[in-house]
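Working notes, structure below.
The values are calculated or read from the model by the stated rules, or taken from the named source; none is laboratory data. As the structure is a prediction and not an experimental result, all values here were calculated from the model. Glycine also receives a Cβ, built like all others from the backbone with ideal geometry; neighbour counts cover every protein chain displayed. Please note that ligands, DNA and RNA were not included when accessible areas were found on the heavy atoms of the full protein model with its side chains. Shrake-Rupley method; radii C 1.70, N 1.55, O 1.52, S 1.80 Å.
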Number of protein chains: 2
Amino acid sequence: MLSFFTVDCLIFTFHEGKLKVLLNERNEYPYRDWWAMPGYFVDKQEEMEEAVNRIAYEHTGLKNIYLEQLAAMAGLKRHPEGRILTVAYMALVRYDDVKNKVKPVTNYMRQAKWFDVSDVPELAFDHNDILKLGLKKLKRNLNYSTAPFELLPEKFTLTQLQQIYEAILGEMLDKRNFRKRMNNLGYLKELEEFQTGVSYRAARLYKLDKRKFLKLFT
Amino acid sequence: MLSFFTVDCLIFTFHEGKLKVLLNERNEYPYRDWWAMPGYFVDKQEEMEEAVNRIAYEHTGLKNIYLEQLAAMAGLKRHPEGRILTVAYMALVRYDDVKNKVKPVTNYMRQAKWFDVSDVPELAFDHNDILKLGLKKLKRNLNYSTAPFELLPEKFTLTQLQQIYEAILGEMLDKRNFRKRMNNLGYLKELEEFQTGVSYRAARLYKLDKRKFLKLFT
DNA sequence: ATATAATGTGTATTTTTTACACTATTAAAT
DNA sequence: ATTTAATAGTGTAAAAAATACACATTATAT
């Protein structure tokens, strides 16, 4: 009746204009020395989402992050010792919130590093497939999800938002048309506050009006 | 290292203008006498998709059907004996192709029956949640997937296609606008054939041009 | 004062979406 | 032969959304 299984988590963030994903260098058989999504076994008495939160917490120092389930992978040949089912998630975190910029070494993992999503090496197991799934889902649901805002601070500029759209869609967008569209969405609140600490004209800050967002999409 | 887990499958079809889902009446603890999605344990040496295909075959007599994975459910309390992880799929089948209109009784299952999706009782386990997920996914991906065509014969009329869109979206569509939109998709082939056996004006038949569809969406 | 770096804005055009009602065709019934 | 019943099939005008495109404005640093 017992079930050993793992969860793996694509942790995405946005930094310096790029969409990044956090990967581990494995220190354990199989795929020792390969890069892989953070992941581990789910404890017997632990809910699956708790396990994902635990793993994400170990890597980022953050709790209660945004999570979406991507897929269950259960191929008989994905692990040399036999089938190990894994449930893959994706998490979205704000770069500035991340506490441990580099995850301390454990016995099964050497280091963690942010990779630009367009520059990811061949990964352990079926993790490249999972990454593709994650990026595809992010892209497909872009207009119906709060995902872009999970990658930004609570108050953000339209340029930051546009950069995230561009990173997720993989194409450049026209500034004026983008702003027009965003203002028509109906769930962005224009604040009377402005960026600080920049050596050029400070941009206006916006925030997501979650109530209005939910009204539109539920 | 061993992993017992199940797969469950929402089998959808379209009949008499309604979207239908095939459900089993359980004859086994837990949830004896409740209706549930068809599902069962995955054999130790069996791929997960094989298992889904096997279950769908037992219920419909069909092989190589359209499948999409929906979610993994692993709540500690979903089964009274402890966690049983299940991976939920949805399948789409053509009603006219289904061989066994009623599934023979087995020791764990009393009968199978098509339910109108808008008239489904309270189901075993978390199966109502899974049904909601399935319907939501069907709706959200309607315009990027071959799903509507999986529910229709190879050659179909635009009215049939419109009925499927309406059933999935849960709203009525305007005939002229719908036809205009379908003709602009670029992947419907207008045939020089017409319906037969109807006692009124026979409608033109169409079919999906899969090559063109794939070009657009890959 | 000047240079720098990014912000913020409008209009014309095209495309897409929406609203809306009647004639055409076929088979069956009389 | 005519009528009835049932569904197929069609066009246009209006509104809304998407696109293409360039320059003046503002804040800071020197």
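Here are the numbers for the structure shown:
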| quantity | calculated |
| --- | --- |
| Pseudo-label separations to other copies for A:PHE4 - Cα-to-Cβ vector, 7 Å, nm | 1.6 |
| Dipole magnitude of the protein assembly as shown about its Cα centre (Cβ charges: Lys, Arg +1; Asp, Glu -1), debye to nearest 20 | 1600 debye |
| Within 10 Å of each Cβ in B:69-81, the average number of Cβ atoms from other chains | 4 |
| Top of B:LEU23, B:LEU152, B:LEU185 by mean-square fluctuation, Gaussian network on chain B, Cα under 10 Å | B:LEU185 |
| Max mean-square fluctuation residue, GNM over chain B, Cα-Cα springs under 10 Å, options B:THR157, B:THR13, B:THR196 | B:THR196 |
| Mean projection area, nm², convex hull over Cα of the protein assembly as shown | 24.7 nm² |
| Nearest residue to the symmetry axis between B and A, taken on chain B by its Cβ, in whole Å | B:ALA72, 2 |
| Label distances, nm, A:GLY17 versus same residue in remaining copies, Cβ-directed 7 Å point | 5.7 |
| In Å², nearest 10: area of A:ILE84 left accessible to a 1.4 Å probe | 10 Å² |
| Residue among B:ASN177, B:ASN53, B:ASN141 with the largest mean-square fluctuation in a Gaussian network model of chain B, springs linking Cα atoms under 10 Å | B:ASN177 |
| Surface/4 of the Cα convex hull for the range A:144-217, nm² | 5.3 nm² |
| Inter-copy separations for A:ARG179, label at 7 Å along Cα-Cβ, nm, ascending | 4.5 |
| For the range A:6-140: rounded, prolate or oblate by the Cα gyration tensor [a/c cutoff 1.5] | rounded |
| Drop in accessible area of at least 10 Å² in the complex versus isolated chain, residues of the range B:1-45, 1.4 Å probe | B:MET1, B:LEU2, B:SER3, B:PHE4, B:PHE5, B:LYS44, B:GLN45 |
| Prolate/oblate/rounded label for the range A:1-47 (Cα gyration tensor, a/c 1.5) | oblate |
| Gyration tensor verdict on the range A:88-163 (Cα atoms; rounded if a/c is under 1.5, prolate if a/b is larger than b/c, oblate otherwise) | oblate |
| Solvent-accessible area of B:SER199 with every protein chain in place, 1.4 Å probe, in Å² to the nearest 10 | 120 Å² |
| Label zone at A:GLU25 (point 7 Å along Cα-to-Cβ), backbone N below 18 Å, the range A:112-146 | A:112-116, A:119-125 |
| Acute angle (nearest 10 degrees) that the helix B:48-60 long axis makes with the longest principal axis of chain B, alpha-carbon atoms | 70 degrees |
| Cα long-axis angle, helix A:127-140 against chain A (0 to 90 degrees, to the nearest 10) | 30 degrees |
| Nonlocal amide H pairs with A:PHE194, under 5 Å, H built at 1.01 Å | A:LEU205 |
| Within the accessible area of the protein assembly as shown (1.4 Å probe), percent carbon and sulfur | 48 percent |
| Between helix B:175-185 and chain B: long-axis angle, C-alpha atoms, 0 to 90°, nearest 10 | 80 degrees |
| Residue-averaged [θ]222 nm for the protein assembly as shown, counting only DSSP H segments that reach four residues, each worth -39500 (n - 2.57) | -8500 deg cm²/dmol |
